[in-house]
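K.L.:
Below you'll find the structure I mean.
The values are calculated or read from the model by the stated rules, or taken from the named source; none is laboratory data. Just so it is clear, the model here is predicted, and its values are computed rather than measured. Here Cβ is always computed from backbone atoms with ideal geometry, including for glycine, and neighbour counts include all displayed protein chains. These area figures cover heavy atoms from the full protein model, side chains too; ligands, DNA and RNA do not enter into them. Shrake-Rupley method; radii C 1.70, N 1.55, O 1.52, S 1.80 Å.
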Amino acid sequence: MVTLTRGDERGLLAALSLDDKVRLLTGADNWRTCPLPAIGLRAMVVSDGPAGVRGVTMDERNPTSSLPCPSALGATWDPALVQALAAALGAEARGKGVDVLLAPTINVMRTPLSGRGFESFGEDPVLISGIAVAFVRGLHQAGAAAAVKHYVGNDSETGRWTYDARIAEHVLRELYLVPFEACVREADVDLVMTGYNKVNSITMTEHGPLLGRILKDEWGFEGVALSDWHAARSTVETAVAGLDLAMPGPDGPWGDKLVEAVRAGQVSEDAVDTKVLRILRLARRVGALGGGGALDGGALDGGVPNGQGRREPALADPALVDKALLRRCAAAAFTLLRNEHEALPLDPGSVRSLAVIGPNAVSPVTQGGGSATVPQASVSTPAVALTEALDGQTQVTVRPGCVTWTIVPEPPRYALRDPATGEPGVRIEFRAEDDTLISAEHRGATMFTWWDGLPGGIGRGRGRIVLRTRYLAGQDGPHVIGAGGVGRLRLTVDGIEVAAGHTGTPADPVEAMVRPGEIRTTAYLAADHEAEIAVSLRPDDWPQGPVAIRLGVVPAPDDDTLLREAVEAARAADAAVVVVGSPPAAESEGFDRAGLALPGRQDELVRRVAAVNPRTVVVVNAGMPVLMPWADRVAAVGYAWLPGQAMGVALADVLLGRAEPAGRLPVTIPAAEADCPVLHAVPEAGRLVYREGLLVGYRGYDRAGTRPRFPFGHGLGYTTWAYESAVADRTMLAPDGGLDVTVVLRNTGSRTGREVVQAYLEPPAGDPGRPVRVLAAFTAVTAAPGERAEARLSMPARAFARYDEAAGTWRRPPGEFTVRVGRSSADLPLHLRVKSS
């Protein structure tokens, strides 16, 4: 194996022709960089990974650990736990032969309607930075590289390919750029991925001021500036601005065009050399250069420093993330928002009967759509987990109460049989234009997506995909059957065509894989007869889009009956747990949410259950805020987020008191849509103007004097706390210095607990366009009943500064700052003052 020392990359660079250099700057395909065996460079494999490492295909035969979504990780307010989880994720990535994880997403939750908001860590840059730096360090610990995204102003899915985010420079500096700067300066992040959008009229892949001047020159970023997929659309502009790697490939705006631009003097060869050096350094770090690491997709495990770079991973066997860690993280993210008369935890000794109710109790939404979706290794549902946890102690009755789906749910796999082999599952056939069978395979899922082409040239209006299965209904009666895909669809049952039609092209390519157009029918199915169902799709010809096909089958719902059965079960039980939230395919990359209200009859379900059972506990299963008009009418409210595969067992742990509900809100939950500082982020004439400036989230609520349903940072445990004192290490700030504060608090409850201590900084009085207060630091303490604990909070010098656009620098305003300390942005019992000269 060739051993490289720092600087050897320049020697390798000198041996390369211009054509070879340029070849390295564009992907070899959708998920791999270009190899160059002559210099010992293998391809580096990249994978989507905000909540699990998918690998290069979406394939149920290659299952993946499904982690709590990033908003859930933000809710932990626990960088150490997040770093441990990210290290385990990185080890799984290396075990799958993945070098670079396209994660974490560190954009700000500007609007609660963001379809992709669940991929972010929160609405505040200090919280996001703390969690993001820990996540990146965890990946590095395992020898995997991180690509933070999406740089920058990529805070809405509506029109995301083209909109122009108009953001004042001081707002960029003080809010949206903060997490990116932290990941560069504090975590030495490997890659930064640009978004599709423009910022202040310049497309991000062409944004010299943000890519070159700020990211690379000012912050000292030495890694790779990577384009989002198909975001690089020009040759000279992107090359000059500072983009280093255009994905995917092999087609793209560079290649021969960039070679010609260099020879024509439009782009200097030195600029190309700098890009190549960055890619070679990345390759060295992940063991892809000089024979280190995993060659040809081999498995890698935890990285160790090699004295020449950050790490050189060693060969190992692939392994999924430990289930106990996933369970612990999902429980740590659970955020208890209301708990009247100690309704929680549930005591099996006094709760002899429990009604578990709600659509998400039976079919939870454990992950978001788009880049965050992985083929889950397993899923634990609340209904099953609570029934098993209380077996022999409490009688559990399960009722869905209502339905919320908008696309027909996929049938359970145990009800399906491959008509060719008889195995559980389905048959996928690829047929040529003349209907000749090209190939066929047995599969275990009912939704499939292909990004990298289909066998025999199928696609672009030629040939077709056929999904066939035998379905055994669990009950006699009418069933809704849906067939999805982009193109011409035909649905047959027992050889008879029951629906046909042509679905439209979605506004965003990702929508094709999350919620493709659908045709459907209702057919009577008998429980003693296997119905042979077939879906035929002739894919449309459309650019940059995946091909997807799906089958959905479900008994035709009767909402009135479902609701009545749920109320009757709640009336007869000692307590009721109602799990409501997002329906499938509602929170996703590719589109924003239409509103904050729970869909379907979920609000009615909660109200009617609460009316007959005073011990009603509501659990919200959503990655972003929803409206809760019933919150004051129920005994307890908790947020489970999109908690990954361990949802059910983690929820049972928390509800039964086996684990502490340790979460705190990373985002404000409004009482009404009209209260949101920013609601609809819809471009106007192609522009998305950030008129609110710095007043995002709790900052906007504070400035307007509006009381939210639940404030940023809020969360209850199973104990209580008294904040006794806060003392600063000084009363006068040193020039360019920060502030350390020691807080003493006491556990006044009857259980050991964890408290997240939050410090907010109020600047000297003045500008009404600035926030009343901002989060400056946070930490957590654990104490036994009656025990005191000390929390040490460190506020950096930057917390006291603001960006002066005219001077192009940071300045600290003179006057008196107030530090407020407590348990949320709205509950701050302690304060102290410090002066700045």
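K.L.:
Please determine, by comparing only the residues of segment 229-239 that are in contact with a helix residue (DSSP H, G or I) (Cβ under 8 Å, 6 or more places away or on another chain) and either closer than 24 Å to residue 545 by Cα or of a type in the set (A, V, I, L, M, F, W, C) (or both), which one is surrounded by the most Cβ atoms within 10 Å (Cβ to Cβ).
P.N.:
Taking segment 229-239 as the starting set, the residues that turn out to be in contact with a helix residue (DSSP H, G or I) (Cβ under 8 Å, 6 or more places away or on another chain) are 231-239.
Of the ones still in play, those that are also either closer than 24 Å to residue 545 by Cα or of a type in the set (A, V, I, L, M, F, W, C) (or both) are 231-236, 238-239.
Values: 231: 24, 232: 27, 233: 16, 234: 16, 235: 21, 236: 16, 238: 30, 239: 27.
For segment 229-239, the residue satisfying everything is 238.
K.L.:
Follow-up. Does residue 43 meet the test of being open to solvent by less than 30 Å² (accessible area, probe 1.4 Å), more than 15 Å from residue 321 (Cβ to Cβ) and part of a loop (DSSP other than H, G, I, E, B)? It would help to see each step written out before you state the result.
P.N.:
Details: open to solvent by less than 30 Å² (accessible area, probe 1.4 Å): yes; more than 15 Å from residue 321 (Cβ to Cβ): yes; part of a loop (DSSP other than H, G, I, E, B): yes.
It is true that residue 43 is open to solvent by less than 30 Å² (accessible area, probe 1.4 Å), more than 15 Å from residue 321 (Cβ to Cβ) and part of a loop (DSSP other than H, G, I, E, B).
K.L.:
Then there's this: Go over the candidates 389, 445, 385, 432 one by one and state the one that is farther than 30 Å from residue 354 by Cα, crowded, with 18+ Cβ neighbours inside 10 Å, in contact with a helix residue (DSSP H, G or I) (Cβ under 8 Å, 6 or more places away or on another chain) and of a type outside the set (Val, Ile, Thr). Break it down stepwise before answering.
P.N.:
Working: 389 fails: farther than 30 Å from residue 354 by Cα; 385 fails: farther than 30 Å from residue 354 by Cα; 432 fails: crowded, with 18+ Cβ neighbours inside 10 Å.
Answer to the check: 445.
K.L.:
Which one is least open to solvent (accessible area, probe 1.4 Å) among residues in segment 343-371 that are modelled with pLDDT under 95 and part of a helix (DSSP H, G or I)?
P.N.:
370
K.L.:
Let me ask something additional. More than 18 Å from the chain's Cα centre (by Cα), of a type outside the set (Val, Ile, Thr), modelled with pLDDT of 95 or more and farther than 27 Å from residue 55 by Cβ: which single residue out of 168, 187, 91, 144 fits that description? First the steps, then the outcome.
P.N.:
Working: 187 fails: farther than 27 Å from residue 55 by Cβ; 91 fails: farther than 27 Å from residue 55 by Cβ; 144 fails: farther than 27 Å from residue 55 by Cβ.
Among 168, 187, 91, 144, only 168 is more than 18 Å from the chain's Cα centre (by Cα), of a type outside the set (Val, Ile, Thr), modelled with pLDDT of 95 or more and farther than 27 Å from residue 55 by Cβ.
K.L.:
Looking at this structure, is residue 192 part of a loop (DSSP other than H, G, I, E, B), open to solvent by less than 10 Å² (accessible area, probe 1.4 Å) and farther than 23 Å from residue 779 by Cβ?
P.N.:
Details: part of a loop (DSSP other than H, G, I, E, B): no; open to solvent by less than 10 Å² (accessible area, probe 1.4 Å): yes; farther than 23 Å from residue 779 by Cβ: yes.
When the stated conditions are applied, residue 192 does not pass them.
K.L.:
Wholly within segment 650-764, which strands (runs of 3 or more DSSP E) include no fewer than the required count, namely at least 2 residues that are open to solvent by less than 10 Å² (accessible area, probe 1.4 Å), aliphatic (A, V, I, L, M) and closer than 30 Å to residue 347 by Cβ?
P.N.:
Values: elements: 687-689, 721-728, 739-747, 753-762.
Where strands (runs of 3 or more DSSP E) fall fully within segment 650-764 and carry at least 2 residues being open to solvent by less than 10 Å² (accessible area, probe 1.4 Å), aliphatic (A, V, I, L, M) and closer than 30 Å to residue 347 by Cβ, they are 753-762.
Conditions tested, residue by residue: (1) modelled with pLDDT under 95; (2) under 26 Å from the mean Cα position of the chain (by Cα); (3) on the phi > 0 side of the Ramachandran plot; (4) surrounded by 15 or more Cβ atoms within 10 Å (Cβ to Cβ).
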residue	(1), (2), (3), (4)
270	no, no, no, no
292	yes, no, no, yes
306	yes, no, no, yes
329	no, yes, no, yes
340	no, no, no, no
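K.L.:
Failed condition for residue 563, given (1) touching an Asp or Glu at 6+ places or on another chain (Cβ under 8 Å); (2) of a type outside the set (Gly, Ala, Ser); (3) within 18 Å of residue 499 (Cβ to Cβ), with all others met?
P.N.:
Result: residue 563 fails condition (3) only.
K.L.:
Still on this structure, I have one more. Go through (1) under 22 Å from residue 95 (Cβ atoms); (2) in a helix (DSSP H, G or I); (3) of a type outside the set (Lys, Arg); (4) touching a strand residue (DSSP E or B) at 6+ places or on another chain (Cβ under 6 Å) one by one and return the number of the condition residue 55 breaks.
P.N.:
Among (1) under 22 Å from residue 95 (Cβ atoms); (2) in a helix (DSSP H, G or I); (3) of a type outside the set (Lys, Arg); (4) touching a strand residue (DSSP E or B) at 6+ places or on another chain (Cβ under 6 Å), the lone unmet condition for residue 55 is (2).
K.L.:
So which pairs qualify, if the first residue must be in segment 811-828 and surrounded by 17 or more Cβ atoms within 10 Å (Cβ to Cβ), the second must be in a strand (DSSP E or B) and at pLDDT below 95, the Cβ gap must be under 7 Å, and the two must be at least 6 apart or on different chains?
P.N.:
Going by the 7 Å Cβ cut-off, the qualifying pairs are 812/836; 817/836.
K.L.:
Sticking with this structure for a sec: Output the residues belonging to segment 416-427 that are open to solvent by less than 60 Å² (accessible area, probe 1.4 Å) and touching a residue at least 60 places away in the same chain (Cβ under 8 Å).
P.N.:
Across segment 416-427, the qualifying residues are 419, 426.
K.L.:
Still on this structure, please answer the following. Does residue 507 count as modelled with pLDDT under 95 and small (Gly, Ala, Ser)? Lay out the reasoning, then the answer.
P.N.:
Working: modelled with pLDDT under 95: yes; small (Gly, Ala, Ser): yes.
Against the criterion (modelled with pLDDT under 95 and small (Gly, Ala, Ser)), residue 507 qualifies.
K.L.:
To continue, here is another question. Please determine, by comparing only the residues of segment 240-268 that are of a type in the set (D, E, K, R) and either part of a loop (DSSP other than H, G, I, E, B) or touching a Lys or Arg at 6+ places or on another chain (Cβ under 8 Å) (or both), which one is least open to solvent (accessible area, probe 1.4 Å). Before the answer, list the steps.
P.N.:
First, the residues of segment 240-268 that are of a type in the set (D, E, K, R): 244, 251, 256-257, 260, 263.
Imposing the further condition that a residue be either part of a loop (DSSP other than H, G, I, E, B) or touching a Lys or Arg at 6+ places or on another chain (Cβ under 8 Å) (or both) reduces the set to 244, 251.
Details: 244: 2, 251: 127 Å².
Restricting to residues being of a type in the set (D, E, K, R) and either part of a loop (DSSP other than H, G, I, E, B) or touching a Lys or Arg at 6+ places or on another chain (Cβ under 8 Å) (or both), the top hit is 244.
K.L.:
Could you grab the pairs with beta carbons closer than 8 Å, sequence gap of 6+ or different chains, first residue in segment 451-477 and free of Cβ contacts under 8 Å to residues at least 40 places away in the same chain, second one in a strand (DSSP E or B) and β-branched (Val, Ile, Thr)?
P.N.:
Between residues of segment 451-477 that are free of Cβ contacts under 8 Å to residues at least 40 places away in the same chain and residues that are in a strand (DSSP E or B) and β-branched (Val, Ile, Thr), the close pairs are 455/438; 456/438.
K.L.:
Please work out which one of (1) open to solvent by less than 40 Å² (accessible area, probe 1.4 Å); (2) of a type outside the set (Ser, Thr, Tyr); (3) within 27 Å of residue 700 (Cα to Cα) is the condition residue 802 fails and give its number.
P.N.:
The number of the failed condition is (1).
K.L.:
State yes or no: is residue 38 open to solvent by 10 Å² or more (accessible area, probe 1.4 Å), over 30 Å from residue 335 (Cβ atoms) and assigned to a loop (DSSP other than H, G, I, E, B)?
P.N.:
So residue 38 does not fit the description; no.
K.L.:
Residue 11 fails exactly one of the following numbered conditions: (1) outside any loop (DSSP other than H, G, I, E, B); (2) under 14 Å from the mean Cα position of the chain (by Cα). What is the number of that condition?
P.N.:
(2)
K.L.:
Mind listing whichever residues of segment 601-660 are small (Gly, Ala, Ser) and more than 20 Å from residue 117 (Cα to Cα)? Can you show your working first?
P.N.:
Going through segment 601-660, the residues small (Gly, Ala, Ser) turn out to be 610-611, 622-623, 631, 635-636, 638, 640, 644, 646, 648, 650, 652, 657, 659.
610, 611, 631, 635, 636, 646, 648, 650, 652, 657, 659, listed by residue number.
K.L.:
Only residues that are within 16 Å of residue 114 (Cα to Cα) and touching a helix residue (DSSP H, G or I) at 6+ places or on another chain (Cβ under 7 Å): list them for segment 556-594, please.
P.N.:
Matches in segment 556-594: 581, 585, 587, 588, 589, 590, 591.
K.L.:
For segment 15-24, which positions are surrounded by fewer than 15 Cβ atoms within 10 Å (Cβ to Cβ) and more than 15 Å from residue 40 (Cβ to Cβ)? Give the steps one after another, and end with the answer.
P.N.:
Applying the first criterion (surrounded by fewer than 15 Cβ atoms within 10 Å (Cβ to Cβ)) to segment 15-24 yields 15, 17-19.
Those that are surrounded by fewer than 15 Cβ atoms within 10 Å (Cβ to Cβ) and more than 15 Å from residue 40 (Cβ to Cβ): 17, 18, 19.
K.L.:
Can you tell me which residues in segment 540-556 are in a loop (DSSP other than H, G, I, E, B) and modelled with pLDDT of 95 or more? Steps first, please.
P.N.:
Here is the first cut: in segment 540-556, the residues in a loop (DSSP other than H, G, I, E, B) are 540-546, 556.
Once the filter is applied, which keeps residues that are in a loop (DSSP other than H, G, I, E, B) and modelled with pLDDT of 95 or more, segment 540-556 yields only 556.
K.L.:
Continuing with this model, one more query. Check whether at least one residue in segment 48-56 is closer than 15 Å to residue 288 by Cβ, of a type outside the set (D, E, K, R) and open to solvent by less than 20 Å² (accessible area, probe 1.4 Å), and report yes or no.
P.N.:
Narrowing segment 48-56 to residues closer than 15 Å to residue 288 by Cβ: none.
For segment 48-56, residues closer than 15 Å to residue 288 by Cβ, of a type outside the set (D, E, K, R) and open to solvent by less than 20 Å² (accessible area, probe 1.4 Å): absent.
K.L.:
Still on this structure: Taking residue 537 as the residue in question, decide whether it is out of contact with any Cys (no Cβ under 6 Å at 6 or more places or on another chain), part of a strand (DSSP E or B) and free of Cβ contacts under 8 Å to residues at least 60 places away in the same chain. First the steps, then the outcome.
P.N.:
On the way: out of contact with any Cys (no Cβ under 6 Å at 6 or more places or on another chain): yes; part of a strand (DSSP E or B): yes; free of Cβ contacts under 8 Å to residues at least 60 places away in the same chain: no.
Taking the combined requirement at face value, the residue does not satisfy it.
K.L.:
Please go through segment 557-602 and pick out each residue that is assigned to a loop (DSSP other than H, G, I, E, B), aliphatic (A, V, I, L, M) and open to solvent by less than 40 Å² (accessible area, probe 1.4 Å).
P.N.:
As a first pass, look at segment 557-602 and keep what is assigned to a loop (DSSP other than H, G, I, E, B): 557-558, 573-574, 582-587, 589-590, 592-601.
Checking the rest, the ones that are also aliphatic (A, V, I, L, M) come to 573, 585-586, 594, 596-598.
Scanning segment 557-602 gives 573, 585, 586, 596, 598.
K.L.:
Go over the candidates 505, 522 one by one and state the one that is outside any loop (DSSP other than H, G, I, E, B), more than 30 Å from residue 614 (Cβ to Cβ) and open to solvent by 70 Å² or more (accessible area, probe 1.4 Å).
P.N.:
On the way: 505 fails: outside any loop (DSSP other than H, G, I, E, B).
Unique residue meeting the criteria: 522.
K.L.:
Of 508, 541, 528, which residue is of a type in the set (Asp, Glu) and out of contact with any Lys or Arg (no Cβ under 8 Å at 6 or more places or on another chain)? It would help to see each step written out before you state the result.
P.N.:
Values: 508 fails: out of contact with any Lys or Arg (no Cβ under 8 Å at 6 or more places or on another chain); 541 fails: out of contact with any Lys or Arg (no Cβ under 8 Å at 6 or more places or on another chain).
The unique qualifying residue is 528.
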